[in-house]
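The values are calculated or read from the model by the stated rules, or taken from the named source; none is laboratory data. Bear in mind that the values here come from a model prediction, so they are computed numbers and not experimental data. All Cβ positions, even for glycine, are placed from backbone atoms using ideal geometry, and neighbour counts span all protein chains on display. Quick note on the areas: whole protein, heavy atoms, side chains included, nothing else; ligands and nucleic acids left out. Shrake-Rupley method; radii C 1.70, N 1.55, O 1.52, S 1.80 Å.
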Amino acid sequence: MKPEPKTGLKPYSTNLKNVPKVGGLSAKDGWVNMQVQFLIDQKTANSDKMLVGWTVLPPGAQHDRYRHFNCDEFWIVIKGRGVMYTDDGEKPSGEGDVVFTPRGHWHGFKNTSDQDVVLVWGWSGAGSLEAAGYESVEGGRTH
(Lines give C-alpha, C1' and ligand atoms only; values in the text may rest on other atoms or scores of the structure.)
Protein backbone atom coordinates (compact mmCIF):
# COMPACT_ATOMS: atom_id res chain seq x y z
CA MET A 1 0.00 0.00 0.00
CA LYS A 2 1.33 3.43 -0.94
CA PRO A 3 1.59 6.07 1.78
CA GLU A 4 -0.84 8.96 1.57
CA PRO A 5 0.59 12.40 0.72
CA LYS A 6 1.06 14.74 3.68
CA THR A 7 -2.12 16.74 4.20
CA GLY A 8 -1.90 20.32 3.02
CA LEU A 9 1.18 19.83 0.84
CA LYS A 10 1.02 20.01 -2.93
CA PRO A 11 3.76 20.23 -5.55
CA TYR A 12 4.98 23.82 -5.85
CA SER A 13 7.06 25.76 -8.35
CA THR A 14 7.99 29.38 -8.83
CA ASN A 15 10.49 31.60 -10.63
CA LEU A 16 13.02 34.05 -9.17
CA LYS A 17 11.33 36.99 -10.92
CA ASN A 18 8.05 36.18 -9.11
CA VAL A 19 9.50 35.98 -5.59
CA PRO A 20 9.78 39.22 -3.59
CA LYS A 21 12.92 40.10 -1.67
CA VAL A 22 12.61 39.49 2.08
CA GLY A 23 12.07 42.74 3.94
CA GLY A 24 13.03 43.67 7.47
CA LEU A 25 16.50 42.08 7.42
CA SER A 26 18.69 44.64 9.17
CA ALA A 27 22.45 45.11 9.45
CA LYS A 28 22.17 45.19 13.25
CA ASP A 29 20.91 41.59 13.05
CA GLY A 30 23.77 40.52 10.76
CA TRP A 31 22.19 41.03 7.32
CA VAL A 32 24.53 43.60 5.73
CA ASN A 33 23.38 44.85 2.28
CA MET A 34 22.05 41.42 1.26
CA GLN A 35 19.25 40.65 -1.20
CA VAL A 36 17.42 37.56 0.08
CA GLN A 37 14.54 35.61 -1.44
CA PHE A 38 12.74 32.66 0.18
CA LEU A 39 11.89 30.52 -2.86
CA ILE A 40 10.24 27.63 -1.03
CA ASP A 41 9.11 28.08 2.57
CA GLN A 42 6.25 27.72 5.04
CA LYS A 43 4.41 30.76 3.72
CA THR A 44 4.53 30.00 -0.01
CA ALA A 45 4.62 26.20 -0.23
CA ASN A 46 3.37 25.14 3.23
CA SER A 47 6.80 23.57 3.77
CA ASP A 48 7.45 23.41 7.51
CA LYS A 49 10.64 21.28 7.40
CA MET A 50 12.52 22.81 4.46
CA LEU A 51 13.32 26.25 3.12
CA VAL A 52 15.19 27.05 -0.11
CA GLY A 53 16.60 30.52 -0.67
CA TRP A 54 18.50 32.69 -3.13
CA THR A 55 20.86 35.43 -1.97
CA VAL A 56 22.80 38.07 -3.87
CA LEU A 57 25.63 39.77 -2.01
CA PRO A 58 26.92 42.87 -3.85
CA PRO A 59 30.60 43.80 -3.30
CA GLY A 60 31.19 44.37 0.43
CA ALA A 61 27.91 42.75 1.53
CA GLN A 62 27.95 40.07 4.19
CA HIS A 63 25.93 37.83 6.43
CA ASP A 64 27.67 38.17 9.80
CA ARG A 65 28.45 35.03 11.80
CA TYR A 66 25.20 33.41 12.85
CA ARG A 67 23.74 30.06 13.80
CA HIS A 68 20.44 28.22 13.79
CA PHE A 69 19.21 26.12 16.70
CA ASN A 70 16.49 24.18 14.88
CA CYS A 71 17.80 23.44 11.38
CA ASP A 72 20.81 22.43 9.35
CA GLU A 73 21.90 24.72 6.50
CA PHE A 74 23.62 24.26 3.16
CA TRP A 75 24.72 26.72 0.53
CA ILE A 76 26.16 26.51 -2.95
CA VAL A 77 28.22 29.37 -4.35
CA ILE A 78 26.76 29.82 -7.84
CA LYS A 79 28.72 32.93 -8.76
CA GLY A 80 31.56 34.97 -7.27
CA ARG A 81 33.91 34.56 -4.34
CA GLY A 82 34.44 35.73 -0.82
CA VAL A 83 35.18 34.60 2.71
CA MET A 84 33.17 31.96 4.54
CA TYR A 85 32.89 32.25 8.31
CA THR A 86 33.04 29.04 10.35
CA ASP A 87 33.43 27.97 13.97
CA ASP A 88 37.18 28.00 13.30
CA GLY A 89 37.51 31.43 11.68
CA GLU A 90 37.52 32.44 8.02
CA LYS A 91 38.14 30.44 4.86
CA PRO A 92 38.15 31.48 1.18
CA SER A 93 35.07 30.33 -0.74
CA GLY A 94 34.07 30.62 -4.37
CA GLU A 95 32.12 29.29 -7.33
CA GLY A 96 31.21 25.63 -7.02
CA ASP A 97 31.76 25.39 -3.26
CA VAL A 98 29.07 23.40 -1.47
CA VAL A 99 28.91 23.96 2.29
CA PHE A 100 26.94 22.11 4.98
CA THR A 101 26.57 23.56 8.48
CA PRO A 102 24.80 21.44 11.12
CA ARG A 103 22.48 23.24 13.54
CA GLY A 104 24.19 25.09 16.36
CA HIS A 105 27.41 25.88 14.44
CA TRP A 106 28.48 29.42 13.53
CA HIS A 107 28.67 30.32 9.84
CA GLY A 108 28.36 33.29 7.47
CA PHE A 109 29.70 34.78 4.26
CA LYS A 110 31.31 38.04 3.11
CA ASN A 111 31.75 39.16 -0.47
CA THR A 112 35.38 40.31 -0.69
CA SER A 113 35.37 40.72 -4.49
CA ASP A 114 34.27 43.47 -6.87
CA GLN A 115 31.49 41.29 -8.37
CA ASP A 116 28.16 40.03 -7.00
CA VAL A 117 28.14 36.72 -5.14
CA VAL A 118 25.11 34.49 -5.71
CA LEU A 119 24.25 31.75 -3.21
CA VAL A 120 21.58 29.09 -3.37
CA TRP A 121 20.94 27.82 0.13
CA GLY A 122 18.49 25.91 2.23
CA TRP A 123 17.45 24.72 5.65
CA SER A 124 16.51 21.23 6.69
CA GLY A 125 14.21 21.18 9.71
CA ALA A 126 12.51 24.59 9.42
CA GLY A 127 10.33 26.41 6.92
CA SER A 128 10.67 29.95 8.30
CA LEU A 129 13.24 32.19 9.97
CA GLU A 130 11.22 32.09 13.17
CA ALA A 131 11.17 28.28 13.20
CA ALA A 132 14.89 28.06 12.34
CA GLY A 133 15.99 29.81 15.54
CA TYR A 134 18.51 32.50 14.59
CA GLU A 135 21.32 34.14 16.55
CA SER A 136 23.84 36.62 15.17
CA VAL A 137 27.23 37.13 16.85
CA GLU A 138 27.71 40.72 15.74
CA GLY A 139 24.08 41.73 16.14
CA GLY A 140 23.75 39.79 19.38
CA ARG A 141 20.08 39.25 18.67
CA THR A 142 18.28 35.96 19.03
CA HIS A 143 15.08 35.24 17.07
Selection status of Val83, over 12 Å from the mean Cα position of the chain (by Cα), farther than 29 Å from Tyr12 by Cα, open to solvent by less than 60 Å² (accessible area, probe 1.4 Å) and hydrophobic (A, V, I, L, M, F, W, C)
yes
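Condition check ((1) among the acidic types (Asp, Glu); (2) assigned to a helix (DSSP H, G or I); (3) surrounded by 15 or more Cβ atoms within 10 Å (Cβ to Cβ); (4) in contact (Cβ under 8 Å) with a residue 24 or more places away in the chain) across all residues:
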position: Lys2; (1), (2), (3), (4): no, no, no, no
position: Leu9; (1), (2), (3), (4): no, no, no, yes
position: Lys28; (1), (2), (3), (4): no, yes, no, yes
position: Gln37; (1), (2), (3), (4): no, no, yes, no
position: Ser47; (1), (2), (3), (4): no, no, yes, yes
position: Val52; (1), (2), (3), (4): no, no, yes, yes
position: Arg65; (1), (2), (3), (4): no, no, yes, yes
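I'd like the residue in the stretch 77-88 that is part of a strand (DSSP E or B), of a type outside the set (Phe, Trp, Tyr) and closer than 19 Å to Val32 by Cα and, out of all such residues, is modelled with the lowest pLDDT.
Thr86
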In this structure, is Val56 touching a residue at least 60 places away in the same chain (Cβ under 8 Å) and either within 15 Å of the chain's Cα centre (by Cα) or not in a helix (DSSP H, G or I) (or both)?
yes
Inter-residue pairs, beta-carbon under 9 Å, first within 12 Å of Lys110 (Cα to Cα) and of a type in the set (Lys, Arg) and in the stretch 70-87, second open to solvent by 70 Å² or more (accessible area, probe 1.4 Å) and part of a strand (DSSP E or B), 6+ apart:
Arg81/Pro92
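Mind listing just one residue for me: the one in the stretch 89-141 that is among the β-branched types (Val, Ile, Thr) and more than 26 Å from Ala45 (Cβ to Cβ) and, of those, modelled with the highest pLDDT?
Applying the first criterion (among the β-branched types (Val, Ile, Thr)) to the stretch 89-141 yields 98-99, 101, 112, 117-118, 120, 137.
Retained after the next criterion (residues that are more than 26 Å from Ala45 (Cβ to Cβ)): 112, 137.
Values: Thr112: 96, Val137: 82.
Selected residue: Thr112.
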Taking the stretch 97-126 on its own, how many of its residues are outside any strand (DSSP E or B), within 23 Å of Met50 (Cβ to Cβ) and either of a type in the set (Asp, Glu) or open to solvent by 10 Å² or more (accessible area, probe 1.4 Å) (or both)?
7
